[in-house]
Amino acid sequence: MVRANTGIVSDILETLTKTQAENFSKTCFGHWLNVNHKKNNQLLIYTILASAVDNVANDLSLNILGKRIHFRQQEFCLVTPLRFGGKVHMNEWVRSKSDNPFRIRMFPDIPTHVLVKVNGVWNIFDKMHQGSLDLQDDDAVRICLLVLLDMGFLGRQLVHVVSDHRLKLVEHISICWNIFPWGRIFGSIHICNLEMLLSERKQRHDDKRQKGKEI
């Protein structure tokens, strides 16, 4: 995924105990623990951009060996594999859950009116990684899920906010987190990023043509 940092999976594997890793592997992100090539392949991204014919919203058309292939959210989910169907707004999944027990357990010093940031999640994960913090197995898995989501898949910075909806979602792994349509969300972001790179590439080529330079 463009702008993703899935290499953080290695840190997660080093941090989790055997039991925790087994529990993590049962989540919807679990198969990523077994992915060998975890860093972005720049050559693959360049090949995709060079093969692009045209694009509309969430639909990138590629010319592969003379055949037009559509890369959409559905194809992204087939490749990853992550769930496609279902409601995409987190608030709809946790609307009936007024309490936020995971936030209370993990961030007791942050006032309820102050939003948790990625930095707060990372600090807990770093302490786990260094061996100075020992969490219950389920909470250790939850922290690692958030780290992989925000800093891995989404490539977010430490100053970004982790919504209360997300903290409620991860509290209920089996009935909310695991069946949330992450593939649809990531697919839309990934295709949008590819479209932006494609637009930038086209602009560079147009500028060179106007200046009579070789592309």
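The values are calculated or read from the model by the stated rules, or taken from the named source; none is laboratory data. The model shown is predicted, which means the values in this text are computed figures rather than measured ones. Cβ sites come from the backbone with ideal geometry, for glycine too, and all protein chains shown count toward neighbours.
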### Every residue from the range 76-106 that is polar (S, T, N, Q) and in contact with a Gly (Cβ under 8 Å, 6 or more places away or on another chain)
Thr80
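If the requirement is being surrounded by fewer than 19 Cβ atoms within 10 Å (Cβ to Cβ) and in a loop (DSSP other than H, G, I, E, B), which of these qualifies: Asp109, Asp126?
Values: Asp126 fails: in a loop (DSSP other than H, G, I, E, B).
Asp109 is the lone residue from the list that is surrounded by fewer than 19 Cβ atoms within 10 Å (Cβ to Cβ) and in a loop (DSSP other than H, G, I, E, B).
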### Unmet requirement for Gly187, which otherwise passes all of (1) modelled with pLDDT under 90; (2) more than 17 Å from the chain's Cα centre (by Cα); (3) small (Gly, Ala, Ser)
(2)
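Among the listed residues Asn193, Asn119, identify the single one that is assigned by TED's automatic domain parsing to the domain that holds Gln73, in contact (Cβ under 8 Å) with a residue 40 or more places away in the chain and surrounded by fewer than 17 Cβ atoms within 10 Å (Cβ to Cβ). Please lay out each step first, then the result.
Values: Asn119 fails: assigned by TED's automatic domain parsing to the domain that holds Gln73.
Testing whether each residue is assigned by TED's automatic domain parsing to the domain that holds Gln73, in contact (Cβ under 8 Å) with a residue 40 or more places away in the chain and surrounded by fewer than 17 Cβ atoms within 10 Å (Cβ to Cβ) leaves just Asn193.
Of all residues in the range 131-143, count the ones that are part of a helix (DSSP H, G or I) and either more than 22 Å from Glu22 (Cβ to Cβ) or in contact (Cβ under 8 Å) with a residue 40 or more places away in the chain (or both). Show your work before the answer.
To start, the set of residues in the range 131-143 that are part of a helix (DSSP H, G or I) comprises 137-143.
From what is left, the residues that are either more than 22 Å from Glu22 (Cβ to Cβ) or in contact (Cβ under 8 Å) with a residue 40 or more places away in the chain (or both) are 137-138, 140-142.
Number of matching residues: 5.
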### Query
Within the range 167-175, is even one residue at pLDDT 95 or above, in contact with a Ser or Thr (Cβ under 8 Å, 6 or more places away or on another chain) and of a type in the set (A, V, I, L, M, F, W, C)?
yes
### Task
Test each condition in (1) out of contact with any helix residue (DSSP H, G or I) (no Cβ under 8 Å at 6 or more places or on another chain); (2) surrounded by 21 or more Cβ atoms within 10 Å (Cβ to Cβ) for Ser132 and report the one that comes out false.
(2)
